[in-house]
Amino acid sequence: MTTTLSCDSEFDVPAIEIVGGKVVIFPTDTVYGLGTNPRSVEGIKKCYALKKRDTGKKMPVLFSDLQTAMLFAKFGEKSKSLGSAFWPGKLTIILPSADSTLPQELVGPDKTVAARVPNHACCLRLIAACGGSLIGTSANISGEESFTDPYDPKLAQLSTSADYFVSGVCGQPAGLSSTIVDATNENAIRIIREGAIPAKTILSHLENISKTDLSSSAT
């Protein structure tokens, strides 16, 4: 049976069960998310089953802050600068895993983590209650539209398969996906998907980092 919460609810008790592998659907600054403890193999498998998602397609992880993300993923100077500049916000950064104990179901054969710190107070409070990290894939059946309206009947139907449902408003403008950057190679950072943050903004930031590096080297 699904327990329904609001963004005004206390998350401490539900978080204990989520850390233990229970599944939660919750609002983010983009769309409704589906999550669990990223270290729980059981929880990750539940998310895949609920989404009917191909297990070859990995799920991103949402973090409470950059420092917590650094416990999961290896940041270089440029990727750390991107995180500092655009987090909290709608930027997902794919990075090499920094922890050999993370489940194969999370990091996959290439041992990478797709990391993001969302800009959404309710979502961040839930993540913090869960220890600073939470799977953050979109709460929808794979291939179908994502949800932003907490009263959408299809979202209500999907939530019956989750252990917890947090009802709240997604960030504005809602529905805009995060921009995804592949930073597994610090020297060849690539934009995989342009979303809420324009590609030119990311590229301009990276160019400024490079210019700074050159200036530092010249002095």
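Listed by chain and number, the aspartates and glutamates whose C-alpha is less than 18 Å from the C-alpha of K52, apart from same-chain residues fewer than 8 away, are E42, E105, E144, E145, D163.
Quick one: net charge around N140, please, counting Lys, Arg +1 and Asp, Glu -1 for every other residue with C-beta under 9 Å from its C-beta.
Values: positive: K51, K154; negative: E144, E145.
Net charge around N140: 0.
With θ taken as phi - 60° and the Karplus curve 6.51 cos²θ - 1.76 cosθ + 1.60 applied, the whole-hertz 3J(HN,Hα) list for the range 68-78 is 5, 4, 5, 6, 9, 10, 8, 9, x, 4, 6 Hz, x standing for glycine and proline. Counting only alpha carbon atoms, the long axis of helix 199-218 and the longest principal axis of the chain meet at about 40°.
Quick check on my link table: of K22/K57; K51/K154; K45/K154, which ones sit more than 19 Å apart, alpha carbon to alpha carbon? In this structure, K22/K57; K45/K154 lie more than 19 Å apart at Cα.
Taking the chain as a whole, the Cys residues whose C-beta sits 4.7 Å or farther from every other Cys C-beta are C47, C123, C130, C170.
Specify the longest stretch of the chain that does not include any exposed loop site, a site being one of the GluC sites (Glu not before Pro) with a non-H, G, I, E, B DSSP assignment and at most 12 other Cβ atoms within 10 Å.
On the way: sites that count: E10, E144, E145.
Longest stretch, sites excluded: 11-143.
What does the charge count around A174 come to, taking other residues whose C-beta lies under 9 Å from its C-beta (Lys +1, Arg +1, Asp -1, Glu -1)? Here the count lands on -2.
For P(r) over Cα pairs in 10 Å bins from 0, in percent, the value calculated from this model appears in (i) 9, 36, 40, 14, 1; (ii) 8, 30, 34, 21, 7, 1, 0; (iii) 9, 36, 36, 15, 4, 1, 0 under label (iii). Remark: spin-label model distance E145-D12 equals 4.0 nm, labels positioned 7 Å along the Cα→Cβ axis.
Once C-alpha pairs closer than 8 Å and six or more residues apart are averaged by separation and normalised to the residue number of the range 3-218, the relative contact order reads 31 percent. K200: which lysines have alpha carbons under 25 Å from its alpha carbon, excluding same-chain residues fewer than 8 sequence positions away? List returned: K74, K78, K80, K90, K211.
Ranked by how many other Cβ atoms sit within 10 Å of their own Cβ, fewest first, the residues D29, D99 fall in the order D99, D29.
Rule-based calculations on the coordinates, nothing more; no lab input. This one's a predicted model, so the numbers in the text were calculated from it and none came from an experiment. Counting neighbours? That spans all protein chains shown, and the Cβs are built from the backbone with ideal geometry, glycine included.
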